[in-house]
């Protein structure tokens, strides 16, 4: 027994399988947003912001299946094709969120749909805004450095530099960003309309953050202005 333990302790760290991220934080985020979407659709009359009520829930369900079907304890065993499928689903989720934003902005400009009622407008605007942030947070998580598995193998910053990268003394040994860090990045970028504590390093990261900030600025500005006008 002791000899087996001694032999195991002599295995080089590089040959041991790296521990991947837990799948449950992104799964929980998708489930909460799906519940929020269903509740809003039951409460709000008329057409949803996307004009296709099943589009975003269907994409969320497919992504949930892809995440749940991965290894229960770790993401490090996912195959390359599974990662590509997840990337494709997230890109479609981002496209659907942008489509919902464009249609809501159109309704605001033309004064149609939910834009006629302040309460419904605020609820729909919040739903679209949260959907955008979740979609971009997912995209950042899958994109940065090749995804969560690639970051496990090489934690050096590629697309985003977190505070723990620039000030390693603030982070525990072996720290690397996980899903909740990228979800935080998505929400802070949409709120401040600029980088906050996470700096984009690559061109794709910079222009994705620029796109998200521009969409959030247009959405919040138009929704708030229209809602104030409807209330008064």
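The values are calculated or read from the model by the stated rules, or taken from the named source; none is laboratory data. In this text the structure is predicted, and so the values were computed from the model without any measurement. Cβ coordinates were reconstructed from backbone atoms using ideal geometry, including for glycine residues, and neighbour counts include every protein chain displayed.
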Screening 114, 158, 178 for residues that are touching a residue at least 40 places away in the same chain (Cβ under 8 Å) and buried (at least 19 other Cβ atoms within 10 Å of the Cβ) leaves only 114
Positions within region 167-180 being more than 13 Å from residue 155 (Cα to Cα), in a helix (DSSP H, G or I) and more than 23 Å from the chain's Cα centre (by Cα), in sequence order: 169, 170
Looking at (1) in a helix (DSSP H, G or I); (2) crowded, with 17+ Cβ neighbours inside 10 Å; (3) free of Cβ contacts under 8 Å to residues at least 60 places away in the same chain; (4) in contact with a strand residue (DSSP E or B) (Cβ under 9 Å, 6 or more places away or on another chain), which is the only condition residue 140 fails? (3)
Within region 144-162, the residues that are out of contact with any strand residue (DSSP E or B) (no Cβ under 9 Å at 6 or more places or on another chain) and either farther than 22 Å from residue 208 by Cβ or in a helix (DSSP H, G or I) (or both) are 146, 148, 149, 150, 151, 152, 153
Which one is farthest from the chain's Cα centre (by Cα), of the residues in region 193-206 that are assigned to a helix (DSSP H, G or I) and touching a residue at least 12 places away in the same chain (Cβ under 8 Å)? 204
For residue 51, indicate whether it is surrounded by 17 or more Cβ atoms within 10 Å (Cβ to Cβ) and modelled with pLDDT under 70. no
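Suppose the filter is at pLDDT below 80, touching a helix residue (DSSP H, G or I) at 6+ places or on another chain (Cβ under 8 Å), surrounded by 16 or more Cβ atoms within 10 Å (Cβ to Cβ) and in a loop (DSSP other than H, G, I, E, B); does residue 40 pass it?
Working: at pLDDT below 80: yes; touching a helix residue (DSSP H, G or I) at 6+ places or on another chain (Cβ under 8 Å): yes; surrounded by 16 or more Cβ atoms within 10 Å (Cβ to Cβ): yes; in a loop (DSSP other than H, G, I, E, B): no.
No: the conditions fail for residue 40.
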Examine region 60-79 for a residue that is modelled with pLDDT under 75 and farther than 22 Å from residue 180 by Cα, and state whether such a residue exists. yes
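Please state which one of 127, 183, 122 is in contact (Cβ under 8 Å) with a residue 40 or more places away in the chain, in contact with a helix residue (DSSP H, G or I) (Cβ under 9 Å, 6 or more places away or on another chain), crowded, with 21+ Cβ neighbours inside 10 Å and in a helix (DSSP H, G or I).
Details: 183 fails: crowded, with 21+ Cβ neighbours inside 10 Å; 122 fails: crowded, with 21+ Cβ neighbours inside 10 Å.
The unique qualifying residue is 127.
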